[in-house]
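The values are calculated or read from the model by the stated rules, or taken from the named source; none is laboratory data. Just so it is clear, the model here is predicted, and its values are computed rather than measured. Note: ideal-geometry Cβ built from the backbone for every residue, glycine included; neighbour counts use all protein chains shown. To get the accessible areas, we keep the full protein, side chains included, count just its heavy atoms, and leave off ligands, DNA and RNA. Shrake-Rupley method; radii C 1.70, N 1.55, O 1.52, S 1.80 Å.
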Amino acid sequence: NKIATLDIIIADSKPIKANTKHNNPKNPNRKFDKSLKIRRNPMASLSYYSYLKQPFAEKKKDFSWFWGFRTHVLLSREGIPLIEVTLPNKYTDSKTAKSLLKKLTRIYGQKKGRIFIGDAGYDDRELYNFIVEKLKAEPFIPLNERNKHPDKTFGPNGLPLCNAGLEMKFTGIAREPH
């Protein structure tokens, strides 16, 4: 009798605030410069935490900046943590998930047809390709609409249209003195 099944793998991450005076909203000298290293927790990095305002959430997210870390975990369908790592905030979910999935296959073995479930933070072409081609698994990840650009519309001459509906033709770069 197995405790955890490995046919479905769920990825998630959670922010962890560092113990520093720069996370205190009452501190007038808070630092919000990503290039800095804070003295009390030099490994911590600056990032944001997004959340839906309750109880009247209308899909409008609020953001709060904090210094800290992010813990990343791969879970079984039963909710049992299989692989976990805590890193500074500067590491993205998709890049970290790739290394966690490699570690998962080293420890638990390769299983064809495995299902990978993640939120929009894992929407990355490189991660999709890795899951499908290397792991022979099926990803279920919602598209991240933030980085999507609207399709360009073209006029009768094959040139892109501006917002006013006029065709735009490239005629070089004009450099004017300031």
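Residue pairs, Cβ under 7 Å, 6 or more apart or interchain, first in the range 21-47 and open to solvent by 100 Å² or more (accessible area, probe 1.4 Å), second not small (Gly, Ala, Ser). List them. Sorted first by the residue in the range 21-47, then by its partner, the pairs are LYS21/ASN27; PHE32/LEU46; PHE32/TRP65; LYS34/LEU46; ARG40/ASN19; ARG40/THR20; MET43/PRO88. Residues of the range 37-63 that are at pLDDT below 80 and under 20 Å from TYR91 (Cα atoms): TYR48, TYR49, SER50, TYR51, PHE63. Please go through the range 122-136 and give me each residue that is in a helix (DSSP H, G or I) and open to solvent by 50 Å² or more (accessible area, probe 1.4 Å), ordered by number. Answer for the range 122-136, where residues must be in a helix (DSSP H, G or I) and open to solvent by 50 Å² or more (accessible area, probe 1.4 Å): ARG125, GLU126, ASN129, VAL132, GLU133, LYS134.
Screening ILE83, ILE10 for residues that are of a type outside the set (D, E, K, R), in a strand (DSSP E or B), open to solvent by 30 Å² or more (accessible area, probe 1.4 Å) and in contact with a Lys or Arg (Cβ under 9 Å, 6 or more places away or on another chain) leaves exactly one candidate, ILE10.
Residues in the range 86-104 that are open to solvent by 30 Å² or more (accessible area, probe 1.4 Å) and either more than 29 Å from LYS2 (Cβ to Cβ) or small (Gly, Ala, Ser) (or both): LEU87, LYS90, TYR91, THR92, LYS95, SER99.
Of the residues ARG70, ARG114, only one is touching a Ser or Thr at 6+ places or on another chain (Cβ under 6 Å), under 17 Å from ILE10 (Cα atoms) and open to solvent by less than 100 Å² (accessible area, probe 1.4 Å); which?
Only one candidate qualifies: ARG70.
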